[in-house]
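Chemist: Before I ask anything, here is the structure I am working with.
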Amino acid sequence: MKTIIEPFRIKSVEPIRFTSREERKRILQNAAYNAFRIHSEDVLIDLLTDSGTSAMSSRQWAGIMEGDESYAGSPSFFRFEESVRSITGMPYIIPTHQGRAAEKIIFTILGGKGKYFLSNTLFDTTRANIEFSGAEGIDLLCPEGKLPSVPAPFKGNMDVKALRTRIEALGAEHIPMVILTVTNNSGGGQPVSLDNIRSVKAVCKEFGIPLFLDACRFAENAYFIKLREEGYADKTVPEIAREMFSYADGCTMSAKKDAFANIGGFLAMRDLELGIRCRNLLIITEGFTTYGGLAGRDLEAIAIGLQEVMEEPYLQYRIRSIEYLADKLVAAGVPVMQPAGGHAVYLDAKAFLPHIPVDQYPGQSLVCALYEAGGIRSVEIGSLMFGKYDAEAQLIPAALELVRLAIPRRVYTQSHIDYVAEVILEVFNNRAQLRGLRIIEEAPLLRHFTAKLQPV
Ligand SMILES: Cc1ncc(COP(=O)(O)O)c(C=O)c1O
């Protein structure tokens with residue numbers, strides 16, 4: 001059959017609230033033109049993030065009832081540990097309350113002034129945790145990853161030549177880790193090929209630098225490898241995932257993505273000494289080693305979700321439903337990052353709104369317009385999120401000005417997605433009327449979460 005259907009039935013539903021355009025104009029103004037400040041009850045279709053927003057399966061809810069809340073040695077922890085180990089093959093598995101808690105632990109231990117962490121693209125919390133430790137994060141994305149409108153199969157790849165040059169320039173002793181984000185969230189949800197993982201590992205090995213995966217979307221990445229990389233069509237997703245992890249010395253994971261959990265994460269590694277140091281810090285900051293900031297019931301949901309996410313009918317539907325939205329937009333001439341990412345469609349705001357200069361945040365202007373037109377919440381991934389200031393307080397813009405429409409897993413149906421496309425097209429047809437924004441209040445780190453803005 002041609003039609004790829006949602007591979008589930010709906011057992012429980014959540015109503016969504018409709019608002020008028022006038023109400024939404026007022027809401028936007030009260031939220032200081034920052035979508036993070038909008039109450040979720042005022043949002044019709046929430047594409048702010050795919051993180052922690054998945055619908056859990058009946059098996060996961062059943063697992064929640066099995067959760068054992070013992071402080072130490074809970075069977076829920078051992079089921080969680082076994083599930084993670086079966087995928088990563090890593091011996092030391094440390095639960096955390098979410099991905100950034102795993103980042104905080106590892107970068108507190110390995111970071112610090114004078115250290116550099118090299119990546120294809122660091123996610124914002126990863127970069128913030130690195131910088132908070134005093135270290136510096138450097139993105140070395142492959143050239144094709146920087147061209148939003150040019151399709152290529154693995155635009156999340158790291159530039160291996162640039163990796164070698166940087167290591168030689170900085171000195172391997174100052175680089176505690178190389179991190180590959182799979183899929184590359186901030187670079188458009190684009191996958192990393194196994195060939196690239198292997199080549200990056202070879203360089204890391206030559207210089208004695210550990211390779212970690214930021215594995216939030218490992219299953220989506222594995223499925224792209226199955227679809228696009230020669231020699232993997234007949235391999236199963238668990239086989240591909242195991243091969244991906246086989247080249248890594250460790251990983252950080254937010255279970256709020258490819259584990260269908262509403263909360264949770266983990267840190268896993270092969271090195272015993274590093275594992276002990278991480279566990280010691282875990283006990284101070286998160287909790288005892290067999291729960292690490294999570295309830296036993298959460299550990300159960302993650303253990304089950306990690307296996308469910310690798311089921312191919314799910315991944316086929318997941319990847320196709322994102323592509324479906326991107327295809328509709330491309331057909332209408334909307335500038336979209338191509339090909340579609342694994343968890344989101346990314347609008348190219350610079351091309352969408354060429355009349356708004358980057359220091360007036362075209363991406364954020366588009367985020368506001370989508371909310372006003374149709375109650376859709378999205379997020380800017382551009383100079384509001386990643387912009388920095390130079391010594392003269394002039395904006396150093398981000399490499400790309402994107403708006404991400406992240407699709408929560410197993411939550412919205414095809415008609416919701418058709419509606420989203422219709423709203424985007426309406427905004428596109430009226431784009432000449434949109435204006436830029438200026439920041440009137442901002443925090444020194446991760447400013448996009450709380451900044452206040454005003455139309456120019
Ligand atoms: C690639 C990537 N790394 C790390 C994180 C941080 O995870 P968490 O939100 O669970 O702290 C995210 C979250 O969106 C992410 O997408």
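The values are calculated or read from the model by the stated rules, or taken from the named source; none is laboratory data. Nothing here was measured: the structure is a model prediction, and the numbers come from that model. We place every Cβ from the backbone using ideal geometry, glycine too, and count neighbours over all the protein chains shown. The accessibility values were calculated without ligands, DNA or RNA, using every heavy atom of the protein model including side chains. Shrake-Rupley method; radii C 1.70, N 1.55, O 1.52, S 1.80 Å.
Chemist: Condition first: more than 17 Å from the chain's Cα centre (by Cα) and in a strand (DSSP E or B). Now tell me which residues in the range 390-425 satisfy that.
Modeler: Those that are more than 17 Å from the chain's Cα centre (by Cα) and in a strand (DSSP E or B): Leu395, Ile396.
Here is a yes/no grid of residues against (1) farther than 13 Å from Pro95 by Cα; (2) touching a residue at least 24 places away in the same chain (Cβ under 8 Å); (3) under 21 Å from the mean Cα position of the chain (by Cα):
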site	(1), (2), (3)
Asn280	no, no, no
Tyr317	yes, yes, yes
Leu347	yes, yes, yes
Ala351	yes, yes, no
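Chemist: Moving on to the next point. Out of everything in the range 264-293 that is open to solvent by 10 Å² or more (accessible area, probe 1.4 Å) and among the aliphatic types (A, V, I, L, M), what residue ends up being nearest to the ligand (Cβ to nearest atom)?
Modeler: For the range 264-293, the residue satisfying everything is Leu281.
Chemist: Oh, and also: Give the residue that is farthest from Ala340 (Cα to Cα), with candidates limited to residues of the range 165-186 that are within 16 Å of the ligand (Cβ to nearest atom) and of a type in the set (Ser, Thr, Tyr).
Modeler: Of everything passing the filter in the range 165-186, Thr181 is farthest from Ala340 (Cα to Cα).
Chemist: Name the pairs: first residue in the range 165-187 and over 23 Å from Ala128 (Cβ atoms), second residue among the small types (Gly, Ala, Ser) and at pLDDT 95 or above, Cβ to Cβ under 8 Å, at least 6 apart or on different chains?
Modeler: Listed by first residue and then by second, the contacts come to Ala172/Gly208.
Chemist: Could you tell me how many of the residues in the range 187-227 are within 16 Å of the ligand (Cβ to nearest atom) and out of contact with any strand residue (DSSP E or B) (no Cβ under 6 Å at 6 or more places or on another chain)?
Modeler: 9
Chemist: Suppose the filter is farther than 19 Å from His416 by Cα and more than 19 Å from the chain's Cα centre (by Cα); does Leu370 pass it?
Modeler: Values: farther than 19 Å from His416 by Cα: no; more than 19 Å from the chain's Cα centre (by Cα): yes.
When the stated conditions are applied, Leu370 does not pass them.
Chemist: Kindly list the number of the only condition in (1) farther than 20 Å from Asp271 by Cα; (2) touching a helix residue (DSSP H, G or I) at 6+ places or on another chain (Cβ under 6 Å); (3) surrounded by fewer than 16 Cβ atoms within 10 Å (Cβ to Cβ) that fails for Ala172.
Modeler: For Ala172, the exception is condition (1).
Chemist: Sticking with this one: Between Phe80, Phe107, which is out of contact with any Ser or Thr (no Cβ under 7 Å at 6 or more places or on another chain) and among the aromatic types (Phe, Trp, Tyr)?
Modeler: Details: Phe107 fails: out of contact with any Ser or Thr (no Cβ under 7 Å at 6 or more places or on another chain).
The match here is Phe80.
Chemist: Give the range 342-351 a look and list any residue that's buried (at least 22 other Cβ atoms within 10 Å of the Cβ) and not charged (D, E, K, R), or say none. Step through it out loud before you land on a result.
Modeler: First, the residues of the range 342-351 that are buried (at least 22 other Cβ atoms within 10 Å of the Cβ): 342-349.
Answer for the range 342-351, where residues must be buried (at least 22 other Cβ atoms within 10 Å of the Cβ) and not charged (D, E, K, R): Gly342, His343, Ala344, Val345, Tyr346, Leu347, Ala349.
Chemist: Could you pull out the residue among Pro354, Pro339 that is open to solvent by 10 Å² or more (accessible area, probe 1.4 Å) and more than 18 Å from Leu425 (Cα to Cα)?
Modeler: Pro339
Chemist: Quick check on the range 249-263. Is at least one of its residues more than 15 Å from the ligand (Cβ to nearest atom), buried (at least 22 other Cβ atoms within 10 Å of the Cβ) and more than 19 Å from the chain's Cα centre (by Cα)? Break it down into steps so the answer makes sense when it comes.
Modeler: Step one: filter the range 249-263 for residues more than 15 Å from the ligand (Cβ to nearest atom), giving 249.
Right, trim to buried (at least 22 other Cβ atoms within 10 Å of the Cβ) and you get none.
No, the conditions are met nowhere in the range 249-263.
Chemist: A follow-up question, please. Among the residues of the range 89-109, how many are more than 16 Å from the ligand (Cβ to nearest atom) and of a type outside the set (Phe, Trp, Tyr)? Walk me through it before giving the result.
Modeler: From the range 89-109, those more than 16 Å from the ligand (Cβ to nearest atom) are 89-93, 109; that's our starting set.
Going one step further and asking which of them are of a type outside the set (Phe, Trp, Tyr), we end up with 89-91, 93, 109.
Going through the range 89-109 one residue at a time, the tally reaches 5.
Chemist: Among the residues of the range 57-76 satisfying the criterion of being surrounded by fewer than 20 Cβ atoms within 10 Å (Cβ to Cβ) and in a loop (DSSP other than H, G, I, E, B), which is nearest to the chain's Cα centre (by Cα)? Break it down stepwise before answering.
Modeler: To start, the set of residues in the range 57-76 that are surrounded by fewer than 20 Cβ atoms within 10 Å (Cβ to Cβ) comprises 57-59, 61-62, 64-73, 75.
Retained after the next criterion (residues that are in a loop (DSSP other than H, G, I, E, B)): 57, 67-73.
Details: Ser57: 21, Gly67: 27, Asp68: 30, Glu69: 29, Ser70: 32, Tyr71: 31, Ala72: 31, Gly73: 31 Å.
Going through the qualifying residues, I end up with Ser57.
Chemist: Okay, next question. All but one of (1) away from the ligand (no atom under 16 Å from the Cβ); (2) open to solvent by less than 50 Å² (accessible area, probe 1.4 Å) hold for Lys2; state the number of the condition that does not hold.
Modeler: (2)
Chemist: Right, something else. Quick one: count up the residues across the range 120-133 that are among the polar types (S, T, N, Q), crowded, with 23+ Cβ neighbours inside 10 Å and more than 10 Å from the ligand (Cβ to nearest atom).
Modeler: Taking the range 120-133 and keeping what is among the polar types (S, T, N, Q), we get 120-121, 125-126, 129, 133.
Now drop any that are not crowded, with 23+ Cβ neighbours inside 10 Å, which leaves 120-121, 126, 129.
From what is left, the residues that are more than 10 Å from the ligand (Cβ to nearest atom) are 120.
Qualifying residue count, the range 120-133: 1.
Chemist: Against the condition away from the ligand (no atom under 16 Å from the Cβ), within 29 Å of Glu66 (Cα to Cα) and either open to solvent by 10 Å² or more (accessible area, probe 1.4 Å) or β-branched (Val, Ile, Thr) (or both), how does Glu311 come out, does it pass? Break it down into steps so the answer makes sense when it comes.
Modeler: Details: away from the ligand (no atom under 16 Å from the Cβ): yes; within 29 Å of Glu66 (Cα to Cα): yes; either open to solvent by 10 Å² or more (accessible area, probe 1.4 Å) or β-branched (Val, Ile, Thr) (or both): yes.
Yes: the conditions hold for Glu311.
Chemist: Let me ask another. Within the bounds of the range 18-38, is there any residue that is open to solvent by less than 50 Å² (accessible area, probe 1.4 Å), charged (D, E, K, R), at negative phi and in a loop (DSSP other than H, G, I, E, B)?
Modeler: Within the range 18-38, none of the residues are open to solvent by less than 50 Å² (accessible area, probe 1.4 Å), charged (D, E, K, R), at negative phi and in a loop (DSSP other than H, G, I, E, B).
Chemist: Moving to a separate point now. All but one of (1) closer than 18 Å to Glu136 by Cβ; (2) assigned to a loop (DSSP other than H, G, I, E, B); (3) open to solvent by 10 Å² or more (accessible area, probe 1.4 Å) hold for Glu230, so report the exception by its number.
Modeler: Of (1) closer than 18 Å to Glu136 by Cβ; (2) assigned to a loop (DSSP other than H, G, I, E, B); (3) open to solvent by 10 Å² or more (accessible area, probe 1.4 Å), only one is false for Glu230: (1).
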